[in-house]
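Structure first, then comments.
The values are calculated or read from the model by the stated rules, or taken from the named source; none is laboratory data. What you see is a predicted model; the values in this text were computed from it and never measured. No Cβ is skipped: glycine too gets one built from the backbone with ideal geometry, and neighbour counts run over all protein chains shown.
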Amino acid sequence: MQKVGVVGGGLMGSGIAEVSARAGLDVIVVESSAAAAEAAKGRMTKSLERAESKGKIDSAADVLAKVRFETDLAVMADRELVIEAIIEDEEIKTQLFRDLDKIVESPDAILASNTSSIPIMKLGVVTSRPEKVIGIHFFNPVPVLKLVELVPSIVTDPDVTEQARAFVEGQLGKQAIDCQDRAGFVVNSLLIPFVLSAIRMFESGFASAEDIDRGMVLGAAHPQGPLALADLIGLDTTKAVAESLYAEFKEPLYSAPPLLNRMVDAGLLGRKTGRGFYTYN
Ligand SMILES: CC(=O)CC(=O)SCCNC(=O)CCNC(=O)[C@H](O)C(C)(C)COP(=O)(O)OP(=O)(O)OC[C@H]1O[C@@H](n2cnc3c(N)ncnc32)[C@H](O)[C@@H]1OP(=O)(O)O
Ligand SMILES: NC(=O)C1=CN([C@@H]2O[C@H](COP(=O)(O)OP(=O)(O)OC[C@H]3O[C@@H](n4cnc5c(N)ncnc54)[C@H](O)[C@@H]3O)[C@@H](O)[C@H]2O)C=CC1
């Protein structure tokens with residue numbers, strides 16, 4: 001894989017583009033507006049400068065030079081691999097896959113989604129090449145966390161899965177696990193009910209946000225507590241993942257608590273808006 005496209009340069013897309021460029025690949029990021037493209041570039045620059053200051057890379061500028069930030073999806077035409085990382089919304093994602101299907105020229109190209117929870121078959125089926133569509137699910141923060149879930153749909157060509165594995169393990173140095181195509185895959189099926197339980201506990205007044213988080217950090221050796229983690233993921237994304245899981249399994253443990261819904265209504269989305277369960281500068 002040499003020519004990689006990333007659609008959506010938010011928290012995840014900018015991280016996926018960063019690790020791809022750090023692996024020496026030619027990367028194009030497409031965002032929805034010039035302002036969003038500029039913001040994506042700013043996020044990546046900040047992260048690369050941090051990596052440079054810690055001696056993890058020689059030059060942030062050299063890595064950044066491998067990445068183009070664009071707003072016209074047509075630039076994806078020559079890509080060998082396109083990874084979609086736009087918001088967790090099935091309707092918007094399916095429209096994007098329809099568009100990518102028309103734009104990406106090579107019949108051998110892979111169309112991948114970084115979705116947290118939407119079954120891959122729902123994205124593949126709207127294209128003329130569902131055998132080329134796969135989930136390549138990274139974890140946040142992408143430059144730090146090693147895991148990638150590989151999620152072929154029931155009609156994905158096994159060669160596509162192996163090419164995706166070679167990309168994430170051989171080129172990016174990540175570690176892959178194989179997941180079947182059901183909402184939430186492996187990690188979010190386990191992690192999101194835990195986060196939702198913490199929100200319910202806080203909502204009921206049983207314990208403070210700080211004590212819930214401190215409990216899991218000091219008592220279960222988690223790197224951060226579940227409410228701080230929800231703020232890191234984004235409360236909009238947490239809610240959307242819960243909704244996909246609930247739609248698939250109809251289990252109460254996946255249903256979004258009212259407080260989560262109200263915080264999303266209020267625009268309190270966590271770190272990305274400066275306020276969620278905690279406030280950020
Ligand atoms: C929703 C989904 O579909 C799936 C998901 O991703 S679910 C979310 C999964 N993510 C998690 O569970 C994250 C859990 N939390 C953590 O791992 C840690 O708290 C954390 C990495 C976020 C921060 O760690 P910390 O020790 O508190 O902070 P900090 O000391 O600043 O960072 C630790 C290291 O990570 C790096 N880092 C932290 N945030 C980073 C970022 N956004 N980008 C790049 N590097 C980052 C730091 O540079 C530092 O590197 P060194 O050890 O080499 O110095
Ligand atoms: N936040 C997290 O911890 C994780 C999120 N994911 C998944 O990654 C995807 C992206 O999530 P985040 O990066 O957190 O969201 P985000 O909200 O930070 O970024 C989404 C970006 O997509 C852009 N966008 C929206 N529609 C677009 C379009 N049609 N074309 C181009 N760009 C468009 C937005 O401008 C925004 O910058 C979602 O599917 C999410 O479920 C996966 C792993 C972890």
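List pairs: first residue in segment 227-247 and assigned by TED's automatic domain parsing to the domain that holds residue 201, second residue part of a helix (DSSP H, G or I) and small (Gly, Ala, Ser) anywhere in the structure, Cβ distance under 8 angstrom, at least six positions apart or on different chains.
From residues that are assigned by TED's automatic domain parsing to the domain that holds residue 201, the pairs are 227/198; 227/209; 230/198; 238/230; 245/189.
One line per residue, one yes/no per condition, for (1) without any contact (Cβ under 8 Å) to a residue 24 or more places away in the chain; (2) away from ligand 2 (no atom under 14 Å from the Cβ):
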residue: 118; (1), (2): no, no
residue: 122; (1), (2): no, no
residue: 126; (1), (2): no, yes
residue: 136; (1), (2): no, no
residue: 141; (1), (2): no, no
residue: 145; (1), (2): yes, no
residue: 148; (1), (2): no, no
residue: 153; (1), (2): no, yes
residue: 157; (1), (2): no, yes
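Residues checked against (1) under 17 Å from residue 88 (Cβ atoms); (2) in contact with a Gly (Cβ under 9 Å, 6 or more places away or on another chain):
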{"site": "221", "(1), (2)": "no, no"}
{"site": "229", "(1), (2)": "yes, no"}
{"site": "253", "(1), (2)": "no, no"}
{"site": "261", "(1), (2)": "yes, no"}
{"site": "272", "(1), (2)": "yes, yes"}
{"site": "277", "(1), (2)": "no, yes"}
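Kindly evaluate residue 245 against the criterion of being within 24 Å of residue 185 (Cβ to Cβ), modelled with pLDDT of 95 or more, within 9 Å of ligand 2 (Cβ to nearest atom) and not basic (Lys, Arg).
no
Any residue in segment 199-220 that is outside the structural domain of residue 146 (by TED's automatic domain parsing), more than 9 Å from ligand 1 (Cβ to nearest atom), closer than 27 Å to residue 15 by Cβ and outside any helix (DSSP H, G or I)?
Checked segment 199-220: no residue is outside the structural domain of residue 146 (by TED's automatic domain parsing), more than 9 Å from ligand 1 (Cβ to nearest atom), closer than 27 Å to residue 15 by Cβ and outside any helix (DSSP H, G or I).
For segment 102-130, what are the residues that are in a loop (DSSP other than H, G, I, E, B) and either assigned by TED's automatic domain parsing to the domain that holds residue 241 or of a type outside the set (Gly, Ala, Ser) (or both)?
First, the residues of segment 102-130 that are in a loop (DSSP other than H, G, I, E, B): 104-109, 114-119, 125-129.
Passing the criteria: 104, 105, 107, 108, 114, 115, 118, 119, 125, 126, 127, 129.
Would you confirm, using the coordinates I've provided, whether residue 124 is crowded, with 22+ Cβ neighbours inside 10 Å, of a type outside the set (S, T, N, Q) and away from ligand 1 (no atom under 16 Å from the Cβ)?
yes
Given the criteria within 15 Å of ligand 2 (Cβ to nearest atom), in contact with a strand residue (DSSP E or B) (Cβ under 7 Å, 6 or more places away or on another chain), over 20 Å from residue 138 (Cβ atoms) and not assigned by TED's automatic domain parsing to the domain that holds residue 156, does residue 268 qualify?
So residue 268 fits the description; yes.
From the set of residues in segment 36-62 that are more than 13 Å from ligand 1 (Cβ to nearest atom) and either of a type outside the set (Gly, Ala, Ser) or outside any helix (DSSP H, G or I) (or both), which is surrounded by the most Cβ atoms within 10 Å (Cβ to Cβ)?
Among them, the one singled out is 41.
Do you know which residues across segment 60-81 are farther than 15 Å from residue 23 by Cβ and either polar (S, T, N, Q) or within 16 Å of ligand 2 (Cβ to nearest atom) (or both)?
Answer for segment 60-81, where residues must be farther than 15 Å from residue 23 by Cβ and either polar (S, T, N, Q) or within 16 Å of ligand 2 (Cβ to nearest atom) (or both): 68, 69, 70, 71, 72, 73, 74, 75, 76, 77, 79.
Yes/no matrix, rows are residues, columns are (1) over 22 Å from the mean Cα position of the chain (by Cα); (2) within 13 Å of ligand 1 (Cβ to nearest atom); (3) under 16 Å from residue 194 (Cα atoms):
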position	(1), (2), (3)
231	no, yes, yes
235	no, yes, yes
241	no, yes, yes
248	no, no, no
255	no, no, yes
265	no, no, no
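In segment 172-198, which residue that is surrounded by fewer than 16 Cβ atoms within 10 Å (Cβ to Cβ) and in a loop (DSSP other than H, G, I, E, B) is farthest from ligand 1 (Cβ to nearest atom)?
180
Could you list all residues from segment 237-261 that are part of a loop (DSSP other than H, G, I, E, B), more than 22 Å from residue 137 (Cβ to Cβ) and not hydroxyl-bearing (Ser, Thr, Tyr)?
Once the filter is applied, which keeps residues that are part of a loop (DSSP other than H, G, I, E, B), more than 22 Å from residue 137 (Cβ to Cβ) and not hydroxyl-bearing (Ser, Thr, Tyr), segment 237-261 yields 250, 257.
So, residue 9, is that one in contact with a strand residue (DSSP E or B) (Cβ under 6 Å, 6 or more places away or on another chain), assigned by TED's automatic domain parsing to the domain that holds residue 171, in a loop (DSSP other than H, G, I, E, B) and modelled with pLDDT of 95 or more or not?
On the way: in contact with a strand residue (DSSP E or B) (Cβ under 6 Å, 6 or more places away or on another chain): yes; assigned by TED's automatic domain parsing to the domain that holds residue 171: yes; in a loop (DSSP other than H, G, I, E, B): yes; modelled with pLDDT of 95 or more: yes.
Considered against the rule, which asks whether it is in contact with a strand residue (DSSP E or B) (Cβ under 6 Å, 6 or more places away or on another chain), assigned by TED's automatic domain parsing to the domain that holds residue 171, in a loop (DSSP other than H, G, I, E, B) and modelled with pLDDT of 95 or more, residue 9 comes out as yes.
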